[in-house]
Amino acid sequence: MNRLQPWQFGFAGALTFSVFYSACALAVALFPDGTIAFFNAWFHGLDLTLLRPPGGRPLTFGQFFYGLVSAAVVSFAIAATLANLYNLFARASNRN
């Protein structure tokens, strides 16, 4: 049985999500209109331009850092839970 290590899998998930979060923040900073247009296609017709801050205020470093840390913590928890559930189901299926 292949077993996933929850801590390692959690850290890998957190790092992966952090990289994508940072890339997204950079895209928003460099190409705000293009990034919103790109993600509009993902949200089934919702108009994400309504979420733009008043006056087009840019993302502050504090907001970026808070978002990065909170996203890393949540993605770690999700990935570690996924690894534990995978191990649980793999063990159960090997008993049958």
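The values are calculated or read from the model by the stated rules, or taken from the named source; none is laboratory data. Note that the structure is predicted; figures quoted are calculated from it, not measured. Virtual Cβ from ideal backbone geometry, glycine too; neighbours counted across all protein chains shown. Note: accessible area is taken over every heavy atom of the protein model, side chains too, but ligands, DNA and RNA are not part of it. Shrake-Rupley method; radii C 1.70, N 1.55, O 1.52, S 1.80 Å.
Residues checked against (1) open to solvent by 40 Å² or more (accessible area, probe 1.4 Å); (2) more than 18 Å from L4 (Cβ to Cβ):
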position: L46; (1), (2): yes, yes
position: R52; (1), (2): yes, yes
position: F61; (1), (2): yes, yes
position: A72; (1), (2): no, yes
position: A80; (1), (2): no, no
position: A83; (1), (2): no, no
position: Y86; (1), (2): yes, no
### Message
Quick test of your reading of the structure: L4 fulfils all but one of (1) open to solvent by less than 100 Å² (accessible area, probe 1.4 Å); (2) hydrophobic (A, V, I, L, M, F, W, C); (3) in a loop (DSSP other than H, G, I, E, B); (4) free of Cβ contacts under 8 Å to residues at least 40 places away in the same chain. Name the failing condition by number.
### Response
(4)
### Query
For the range 22-37, what are the residues that are open to solvent by 60 Å² or more (accessible area, probe 1.4 Å) and either under 17 Å from the mean Cα position of the chain (by Cα) or touching a residue at least 12 places away in the same chain (Cβ under 8 Å) (or both)?
L26, V28, A29
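Determine whether A90 is in contact with a Phe, Trp or Tyr (Cβ under 8 Å, 6 or more places away or on another chain), modelled with pLDDT of 90 or more and on the phi < 0 side of the Ramachandran plot.
Numbers: in contact with a Phe, Trp or Tyr (Cβ under 8 Å, 6 or more places away or on another chain): no; modelled with pLDDT of 90 or more: yes; on the phi < 0 side of the Ramachandran plot: yes.
So A90 does not fit the description; no.
Out of everything in the range 51-92 that is among the hydrophobic types (A, V, I, L, M, F, W, C) and touching a Gly at 6+ places or on another chain (Cβ under 6 Å), what residue ends up being farthest from F31 (Cα to Cα)? Outline the logic, then answer.
In the first step, residues of the range 51-92 are kept if they are among the hydrophobic types (A, V, I, L, M, F, W, C); the result is 51, 59, 61, 64-65, 68-69, 71-74, 76-80, 82-83, 85, 88-90, 92.
Now drop any that are not touching a Gly at 6+ places or on another chain (Cβ under 6 Å), which leaves 76, 79-80.
Working: F76: 29, A79: 30, A80: 34 Å.
Once the filter is applied, the top-ranked residue is A80.
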